[in-house]
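The values are calculated or read from the model by the stated rules, or taken from the named source; none is laboratory data. Worth saying up front: this structure is predicted, and the values here are computed from it rather than measured. Using ideal geometry, Cβ is built from the backbone for each residue, glycine included, and neighbour counts are taken over all protein chains shown. To get the accessible areas, we keep the full protein, side chains included, count just its heavy atoms, and leave off ligands, DNA and RNA. Shrake-Rupley method; radii C 1.70, N 1.55, O 1.52, S 1.80 Å.
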Amino acid sequence: MFIIALPQQYAIQLQLLGGIWIIQTLPAVVLGLYTRWFNPWALLLGWAVGSAVGTWIAASLNFVPIYPLVIAGYTFPGYTAFYTLIVNLAVAVISTPVFGWLGRKVPDETVAADYHA
């Protein structure tokens, strides 16, 4: 009923937002599972910032999927979700040592016996 009752343009806009939001989970899931370096709070912060920036960019550009990134006078058009994924990763990388310095380090509870059957 949701799809039938709403205008088709809303469904397209929600699909764009869904792509932006779902890709933001990639660093938290993959890096959180396969590395020990990242602080879990930093990954969560990266997810939140990436999701917020992606939503803001999409809404400010009237839900067009291409964002024209301008650096030093050059324009680099690219998929909004890709650019916000870079923001997500940058926030996670920068905030991981910050959380460590603040004493917010989460201890690793795995032991060598956890890896042997």
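Take the chain with all the other protein chains still there, run a 1.4 Å probe, and you get 70 Å² of accessible area per residue. For the chain, the fraction of alpha-carbon pairs lying more than 18 Å apart is 60 percent, rounded to a whole number. In this structure, Leu102 and Ala72 have a Cβ-Cβ separation that, at R0 = 35 Å, corresponds to a calculated FRET efficiency of about 0.55.
Among residues other than Ala42 with Cβ under 12 Å from its Cβ, the summed charge is +2 (Lys and Arg +1, Asp and Glu -1). For the range 1-49, rounded, prolate or oblate, judged on the Cα gyration tensor with a ≥ b ≥ c (square roots of eigenvalues), a/c < 1.5 rounded, else prolate if a/b > b/c? Taking the square roots of the gyration eigenvalues as a ≥ b ≥ c, the range 1-49 is prolate.
For the range 53-98, just say rounded, prolate or oblate: build the C-alpha gyration tensor, square-root its eigenvalues into a ≥ b ≥ c, call rounded for a/c under 1.5, and beyond that prolate if a/b exceeds b/c, oblate if not. Oblate. Counting 0.36 nm for each residue step from Arg36 to Gln8 and taking away their Cα separation leaves a gain of 5.7 nm. For the range 1-72, with all protein chains in place and a probe radius of 1.4 Å, 75% of the accessible heavy-atom surface sits on carbon or sulfur.
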